[in-house]
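Asker: Can you keep this structure in mind? I'll have questions shortly.
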Amino acid sequence: MNTTHTMNMPREQRSEAPRKVVDQALAERTLLYVGPAGVFPEDQTRSRGLELKSVDSYIQARHWLEKASRSTLPYAIVCELDWSRSGDFALTEVILRNPALRRVPFILISPEGKPFDARLAMEMGVDDVYRTPFAWEDVFQRIEFLQRFKRELLLGNPASESRFDHRIPTSKRLFDIAVAGTLLLLISPILLLIALAIKLESKGPVFYISKRAGSGYDVFDFYKFRSMRVGADAELKNLKHLNQYAGGEGDEEGAAFIKIENDPRITRLGKFIRNTSIDELPQLLNVLKGDMSIVGNRPLPLYEAEMLTKDGSAGRFLAPAGITGLWQVTKRGGNDMSISERIALDIEYARNFSVLYDFKIILKTVPALLQQSSV
């Protein structure tokens with residue numbers, strides 16, 4: 001601080017300057033809780049050097065956030081689900097409208113026995129959800145991780161930019177544009193024939209468009225040729241017992257990935273375009289848009305991405321999202337790959353990716369495509 005400048009201030013301003021510094025430091029260590037009084041553990045909050053600001057209504061939370069975000073940011077926001085539903089997730093909408101507040105960890109608490117749509121929460125921008133009963137210690141650890149992730153990884157902390165920057169490097173981006181553009185021009189007749197065949201076989205759209213989480217947990221519209229009958233997503237809850245990842249070794253993430261052999265939702269044409277990976281070709285449009293790269297870690301459906309936010313697995317999201325990648329060419333369609341193995345391969349790519357590494361993976365992709373798989 002410039003002490004000479006401070007001494008030249010009028011007495012009223014000199015007394016106000018240090019007060020603002022104290023207020024700002026306090027706000028940065030203030031955890032905002034929205035919900036019933038007496039629920040949040042204030043003793044655990046203070047033991048971590050945090051101040052607890054507890055409010056019991058959406059209006060009070062909005063007023064406090066709007067006032068605080070003008071100068072500084074709260075440490076985290078924890079909200080009881082029933083309270084956040086006021087005005088259709090109105091508190092979440094307030095946070096999304098304010099770019100500064102997007103960097104603040106936002107946790108929802110779902111009371112036991114209350115209906116809840118985790119996918120909707122993720123689409124709205126919530127970072128994580130805890131359903132009662134749970135340990136508050138886990139919530140605090142999660143908040144600390146989100147603090148590091150959002151401020152260092154998503155915002156590009158200069159001290160760690162070379163290590164954690166999740167943007168696609170310029171050389172890789174130029175390569176992606178050249179390859180995707182050339183391929184789209186060359187295979188456009190094939191794309192038209194596949195689109196016509198899909199329309200003739202079954203009613204519904206040609207493309208399957210879903211929300212996916214890619215690099216840095218950025219959410220985007222993901223394109224594929226439709227290989228399943230219409231309404232397949234709604235049938236998934238009845239087929240989870242067929243998931244090859246459920247209950248397997250390394251399933252500490254709670255079956256974060258879903259893979260079903262001989263999926264009954266797949267059409268006859270869909271089985272062919274899946275086994276040959278033709279269904280992936282529309283993702284070249286994602287590459288041109290900048291959502292994805294030719295080589296990278298697979299972007300995940302939001303219900304899968306929300307399971308991979310712990311320190312040991314979030315590192316996979318530091319790499320660009322890609323059409324093909326390391327785990328695909330390592331064990332294409334293999335039934336013996338556990339969740340932990342797949343995450344380990346994704347993290348390995350995130351730590352080591354380069355244009356040369358991408359070339360090596362591309363060279364392995366073609367023979368990998370020839371391996372038949374029914375998943």
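Asker: Of the peptides 180-188, 266-274, how do they stack up when ordered by the mean number of other Cβ atoms within 10 Å, highest first? Numbers along the way, then the final one.
Answerer: On the way: 180-188: 12.9, 266-274: 17.8.
The densest-packed peptide leads the list: 266-274, 180-188.
Asker: Here's a follow-up. What distance in nm separates the simple spin-label points at Ile177 and Leu52, each placed 7 Å from Cα in the Cβ direction?
Answerer: Going from the Ile177 label point to the Leu52 one covers 5.3 nm.
Asker: Contour minus end-to-end for His63 and Asn98, with contour as 0.36 nm per residue of separation and end-to-end as the Cα-Cα distance?
Answerer: Extending this stretch completely gives an extra 11.3 nm.
Asker: Using Cβ counts within 10 Å as a stand-in for footprinting exposure, how do Glu93, Glu112 rank, fewest first?
Answerer: Values: Glu93 14, Glu112 8.
Starting with the residue having the fewest Cβ neighbours, the order is Glu112, Glu93.
Asker: Now for a separate question. Return the sequence-ordered ³J(HN,Hα) values of segment 131-140 in whole Hz as given by the Karplus equation 6.51 cos²θ - 1.76 cosθ + 1.60 applied to θ = phi - 60°, using x for Gly and Pro.
Answerer: With the stated coefficients, segment 131-140 comes to 9, 5, x, 7, 9, 4, 4, 5, 5, 5 Hz.
Asker: Multiply the residue gap between Lys211 and Thr170 by 0.36 nm, knock off their C-alpha separation, and tell me the result in nm, one decimal place. Don't skip to the end; give the middle numbers.
Answerer: Working: separation 41, 0.36 × 41 = 14.76 nm, distance 2.53 nm.
Result: 12.2 nm gained on full extension.
Asker: Can you figure out the FRET efficiency of Ser202 with Val366, using R₀ = 30 Å and their beta-carbon distance, to the nearest 0.05? If you can, show how the numbers build up before the last one.
Answerer: On the way: r = 29 Å, r/R0 = 0.98.
With a Förster radius of 30 Å, E is 0.55.
Asker: Among the listed pairs Lys271/Lys364; Lys211/Lys289; Lys199/Lys224; Lys211/Lys360, which are separated by more than 25 Å between their Cα atoms?
Answerer: Lys211/Lys360
Asker: Express in nm, to one decimal, how much length is gained between Leu285 and Trp136 on full extension, taking 0.36 nm for each residue of separation and deducting their alpha carbon distance. Each step should come with its number before you reach the end.
Answerer: Values: separation 149, 0.36 × 149 = 53.64 nm, distance 4.34 nm.
The Leu285-Trp136 span can extend by a further 49.3 nm.
Asker: Still on this structure, please answer the following. How long is segment 274-325 along each principal axis, judged by its Cα atoms, biggest number first, in Å?
Answerer: Computed over segment 274-325, the largest-to-smallest principal extents equal 33, 23, 17 Å.
Asker: If you don't mind, there's one more thing I want to ask. Give the long-range amide H neighbours of Phe207: residues separated by 5 or more places, or on another chain, with amide H under 5 Å away, using H modelled in the peptide plane at 1.01 Å from N.
Answerer: It is Arg226, by chain and number.
Asker: I need the phi-derived Karplus couplings for segment 40-57: 6.51 cos²θ - 1.76 cosθ + 1.60, θ = phi - 60°, integer Hz, Gly and Pro marked x.
Answerer: With coefficients 6.51, -1.76 and 1.60, one gets 6, x, 5, 5, 5, 5, 5, 5, 9, x, 10, 9, 9, 10, 10, 10, 10, 8 Hz.
Asker: Related question: Could you run the Karplus curve 6.51 cos²θ - 1.76 cosθ + 1.60 with θ = phi - 60° over segment 174-180 and give me ³J(HN,Hα) per residue in whole Hz, x for Gly and Pro?
Answerer: Working through the residues one at a time gives 5, 4, 4, 4, 5, 5, 5 Hz.
All of the numbers you see were taken from the coordinates with simple rules; none came from a lab. Worth saying up front: this structure is predicted, and the values here are computed from it rather than measured. FYI the Cβ positions are ideal-geometry reconstructions off the backbone, even for glycines, and counts take in every protein chain you see.
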